[in-house]
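Structure first, then comments.
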Amino acid sequence: MLEPLARIPPAFSSTSWMNPLPPATRLLFFADRAARAAAAGAFPMPVTEEACRAHADGARACLWLGPDEYLLLAPAEPGAARVQAALTAAVGPLPHALVDISHRQVAFEIHGPLAAQILNGACALDLDPAGFPVGMCTRTALAKADVVLWRTEVHRFHVEVWRSFSPYVTALLTEIAGALPAAH
Amino acid sequence: MLLISCPYCGDRPEIEFTYGGQAHLVRPADPSALDDQQWAEYLYMRTNTKGVHAERWRHARGCGRFFNALRDTTTDRFAATYKIGAARPDPAASEPTPGTAR
Ligand SMILES: [Zn+2]
């Protein structure tokens, strides 16, 4: 008999600079300007066309990933199906794509004065607040993993990573942080 | 590391990009009207430019979009990047886009 899967350890544990975020509703939304305007009745939508910007409204957020491509984040309850139904009704016949990816990825936060320095151990972006201000978000590379990075505060980043990459990413960042004397 | 200026996202590290080959190739409207030689020319023959080359790039690990670039194949210097569908810019007429080939 094989051991039950419960033996697999959790993907990551909290540290002073990293904490996992609870399960969430995640939707990938492809929509042009007209469809986004219609969707605004059901979900917070950015008012600008600016690239690489997140629009947060309470516990819900809409992250620009590419032209006409957005990642919608919401609390796990009442569930992706409800958010999806409301958006589908609001957008109506306008061309769009709306896909539930809630379980494809997990999220965690990197926070504290060394947050940017730890991320830069594996990420080549300029994370100075002048180059990557609060509210900026982007898909990027964290070493060999693709992530979505969103700066929610000067010293706080929201990181979305595909589920199977999370042990790799968290172990790598833990190693990087361990090499920074001030992180201990 | 090179910085490449995505027309959507701005200056980004080169590891986020993938190369997409020669730009501005036009697929023949009626391929079945071509003979084998003409079809092979379209499929396989490229300019192999020494100097300024118009080529496709994709911001694969960023916004995911294809765009075009003018790059000098002898120096790796990007003279311009521009959106798909835009005309090829004249590299001599404009300043190079910032953040390239530093
Ligand atoms: Zn881009």
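Using the Karplus relation 6.51 cos²θ - 1.76 cosθ + 1.60 with θ = phi - 60°, the per-residue 3J(HN,Hα) values for the range A:96-107 come to 6, 9, 9, 10, 7, 10, 3, 9, 6, 9, 10, 10 Hz, with x marking Gly and Pro.
Here the translational diffusion coefficient of the protein assembly as shown follows from Stokes-Einstein with Rh set to the Kirkwood radius across Cα pairs; for 10 °C and 1.306 mPa s it amounts to 74 µm²/s.
Give me the net charge for the shell around A:His96: Cβ to Cβ below 10 angstrom, other residues only, Lys and Arg +1, Asp and Glu -1. So the environment of A:His96 carries a net charge of -1.
By the scheme Lys and Arg +1, Asp and Glu -1, what is the net charge of all other residues having a beta-carbon under 15 Å from that of A:Ala56? It would help to have the intermediate numbers written out before the result.
Numbers: positive: A:Arg26, A:Arg53, A:Arg60, A:Arg151, A:Arg156; negative: A:Glu50, A:Asp57, A:Glu109, A:Glu153, A:Glu160.
Charge balance in the 15 Å sphere: 0.
Binning the alpha carbon pair distances of the range B:27-79 at 5 angstrom intervals from zero yields the distribution 4, 16, 17, 14, 18, 16, 10, 4, 0, expressed in whole percent.
Once both axes come from the Cα atoms, what is the angle between helix A:166-178 and the longest principal axis of chain A, in degrees from 0 to 90, rounded to 10? In chain A, helix A:166-178 runs at an angle near 50 degrees to the longest axis. Taking A:Glu50, A:Glu109, A:Glu69 and ordering them by how much accessible surface each has at a 1.4 Å probe, largest first, produces A:Glu50, A:Glu109, A:Glu69.
What the phi angles of the range A:111-118 give under the Karplus curve with 6.51, -1.76 and 1.60, with θ = phi - 60°, is a coupling list of 9, x, x, 9, 4, 5, 5, 5 Hz, glycine and proline written as x.
For the range A:36-48, putting each phi into the Karplus relation 6.51 cos²θ - 1.76 cosθ + 1.60 with θ = phi - 60° gives couplings of 5, 4, 5, 5, 4, x, 10, 7, x, 10, x, 8, 9 Hz, in residue order, rounded to whole numbers and with x for Gly and Pro.
Each Lys and Arg contributes +1 and each Asp and Glu -1, all at the Cβ; summed about the Cα centre of the range B:34-83, the dipole is approximately 460 debye.
Here is the size of the range A:21-103 from its Cα atoms: Rg then Dmax, 11.6, 35 Å. Computed from Cα positions, the angle between helix A:80-91 and the longest principal axis of chain A comes to roughly 40 degrees.
What number, rounded to the nearest 500 deg cm²/dmol, is the helix-based mean residue ellipticity at 222 nm of chain A, given -39500 (n - 2.57) per DSSP H run of at least four residues and division by all its residues? Before the final figure, lay out the partial values.
Numbers: 4 runs with 38 residues, N = 184.
When only DSSP H runs of four or more count, the value is -6000 deg cm²/dmol.
Surface analysis of the protein assembly as shown yields an accessible area of 53 Å² per residue, using protein heavy atoms and a 1.4 Å probe.
Which whole number gives the average, over all residues in A:135-142, of C-beta atoms from other chains lying within 10 Å of the residue C-beta? Let's see the in-between values first.
Numbers: counts 0, 0, 0, 7, 8, 7, 7, 1.
Mean inter-chain Cβ contacts per residue within 10 Å come to 4.
Would you mind putting B:19-27, A:88-96, B:58-66 in packing order, based on average other-beta-carbon counts within 10 Å, highest first? Could you put the intermediate results ahead of the total?
Values: B:19-27: 11.6, A:88-96: 13.7, B:58-66: 19.2.
With the highest mean Cβ count within 10 Å placed first, the list reads B:58-66, A:88-96, B:19-27.
Reported to the nearest whole Å, the Cα centre-to-centre distance from the range A:40-97 to the range A:104-157 is 21. Between amide H atoms placed 1.01 Å from N, distances below 5 Å from B:His53 occur with B:Arg71, B:Asp72, B:Thr73, all of them 5 or more places distant or on a separate chain.
The values are calculated or read from the model by the stated rules, or taken from the named source; none is laboratory data. Source: prediction; values computed, not measured. Don't worry about glycine lacking a Cβ; one is built from the backbone with ideal geometry, like all the others, and counts go over all protein chains shown. SASA here: full protein model, heavy atoms, side chains in, ligands and nucleic acids out. Shrake-Rupley method; radii C 1.70, N 1.55, O 1.52, S 1.80 Å.
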